[in-house]
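Heads up, the thing below is written out as structure tokens.
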Amino acid sequence: MGKPRVGIVGSGTVAQALGAGFAKKGWEVVVGTRDPGKLAGWKATAGPGVRIGSFQEAAKFGSIVVLAVKGTVAEQALQAAGIDHLKGKTVLDACNPIADAAPEDGVLRYVTGPNESLMEKLQKLAPEARLVKAFSCIGSHFMVDPKFPGGKPTMFICGDDANSKKEAAAVCEEFGFEVSDMGTAKAARAIEPLAMLWCIPGIRENSWTHAFKLLQA
Ligand SMILES: NC(=O)c1ccc[n+]([C@@H]2O[C@H](COP(=O)([O-])OP(=O)(O)OC[C@H]3O[C@@H](n4cnc5c(N)ncnc54)[C@H](OP(=O)(O)O)[C@@H]3O)[C@@H](O)[C@H]2O)c1
């Protein structure tokens, strides 16, 4: 059997952290961007398992695809990646619908309201893709093999396809998280705002070294 293949649509800190993480764990990786030149320096550090391509090349390449782009353009980026390339694939959606307007008292503004979510919009746009919310409320520095004194952080996931959630959960566990499945895509309405909460100590006090853990009795 060949190595597992992941295509990452996006080139920012999340794409770079996850790209390097997948490569470290033996996956073949294509990172997609509109501007491949800007990743030359990063690629040199990320190892031989990583190639740089377009959004389309990344989407086509991966048996799993990660979407890690600016939330306000995520629908555009998904379209640019080619909805057809995502048919039947698990798409890990790390995006948050953060508005361009400045945070208020450390609280990010979102472009979505409480009874909707970015992931539901993306799922509607690509009905044959199998979106799973993941890696959306943990800082990029802690996405791969996080070490916290309290043990493994929790990765909250959700999505409409049970098999894709299993696939996503396996990735999250491989990356050092315990997984808590919150149900269907509608649960993204609750998971996406966790990133607002996660960012408050960062924006207010420049403290970014925390993660969520669900404690169960
Ligand atoms: N930063 C974190 O620690 C963190 C943690 C959890 C979740 N997230 C979420 O993960 C996502 C990625 O975050 P990030 O900080 O890595 O990067 P980002 O700066 O939010 O997004 C960068 C990506 O967005 C793409 N992009 C920007 N404008 C675009 C446009 N007009 N059309 C198409 N694509 C466009 C860029 O494309 P090019 O490659 O072509 O430049 C790039 O790939 C965000 O939704 C963020 O909320 C971030």
Residue 94: open to solvent by less than 40 Å² (accessible area, probe 1.4 Å), among the small types (Gly, Ala, Ser) and touching a residue at least 60 places away in the same chain (Cβ under 8 Å), yes or no?
-> yes
Taking residue 77, is it touching a helix residue (DSSP H, G or I) at 6+ places or on another chain (Cβ under 8 Å), closer than 18 Å to residue 125 by Cα and either within 9 Å of the ligand (Cβ to nearest atom) or part of a loop (DSSP other than H, G, I, E, B) (or both)?
-> yes
Filtered residues of region 120-149 (kept if in contact with a Gly (Cβ under 7 Å, 6 or more places away or on another chain) and either outside any loop (DSSP other than H, G, I, E, B) or surrounded by 21 or more Cβ atoms within 10 Å (Cβ to Cβ) (or both)) | 130, 131, 132, 133, 143
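The rows are residues; the columns are (1) within 16 Å of the ligand (Cβ to nearest atom); (2) touching a residue at least 24 places away in the same chain (Cβ under 8 Å); (3) farther than 24 Å from residue 123 by Cβ; (4) of a type in the set (D, E, K, R).
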| position | (1), (2), (3), (4) |
| --- | --- |
| 152 | no, yes, yes, yes |
| 164 | no, yes, no, no |
| 171 | yes, yes, no, no |
| 183 | no, yes, no, no |
| 186 | no, yes, no, yes |
| 193 | yes, yes, no, no |
| 198 | yes, yes, no, no |
| 208 | yes, yes, yes, no |
| 215 | no, no, yes, no |
Can you confirm whether region 102-114 contains a residue that is within 15 Å of the ligand (Cβ to nearest atom), within 27 Å of residue 3 (Cα to Cα) and either free of Cβ contacts under 8 Å to residues at least 12 places away in the same chain or of a type in the set (Gly, Ala, Ser) (or both)?
-> no
Verdict on residue 157 being hydrophobic (A, V, I, L, M, F, W, C), within 13 Å of the ligand (Cβ to nearest atom) and buried (at least 23 other Cβ atoms within 10 Å of the Cβ) | no
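At negative phi and open to solvent by 70 Å² or more (accessible area, probe 1.4 Å), is that true of residue 205?
Criteria met by residue 205.
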Among the residues of region 144-186, write down those that are β-branched (Val, Ile, Thr) and more than 29 Å from residue 115 (Cα to Cα).
-> 144
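Conditions tested, residue by residue: (1) in contact (Cβ under 8 Å) with a residue 40 or more places away in the chain; (2) open to solvent by less than 40 Å² (accessible area, probe 1.4 Å).
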{"site": "23", "(1), (2)": "no, yes"}
{"site": "28", "(1), (2)": "no, no"}
{"site": "62", "(1), (2)": "yes, yes"}
{"site": "78", "(1), (2)": "yes, yes"}
{"site": "81", "(1), (2)": "yes, yes"}
{"site": "87", "(1), (2)": "yes, no"}
Search result, residues across region 42-58 that are within 14 Å of the ligand (Cβ to nearest atom) and not in a loop (DSSP other than H, G, I, E, B) | 42, 43, 52, 53, 55, 56, 57, 58
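Quick check, is residue 16 over 22 Å from residue 168 (Cβ atoms) and part of a helix (DSSP H, G or I)?
The answer is no for residue 16.
The values are calculated or read from the model by the stated rules, or taken from the named source; none is laboratory data. Everything numeric here is computed off the predicted structure, so don't read it as measured data. Note that each Cβ is placed from the backbone with ideal geometry, even for glycine, and that neighbours are counted across all protein chains shown. We work out accessible area using only protein heavy atoms, side chains counted, and drop any ligands, DNA or RNA first. Shrake-Rupley method; radii C 1.70, N 1.55, O 1.52, S 1.80 Å.
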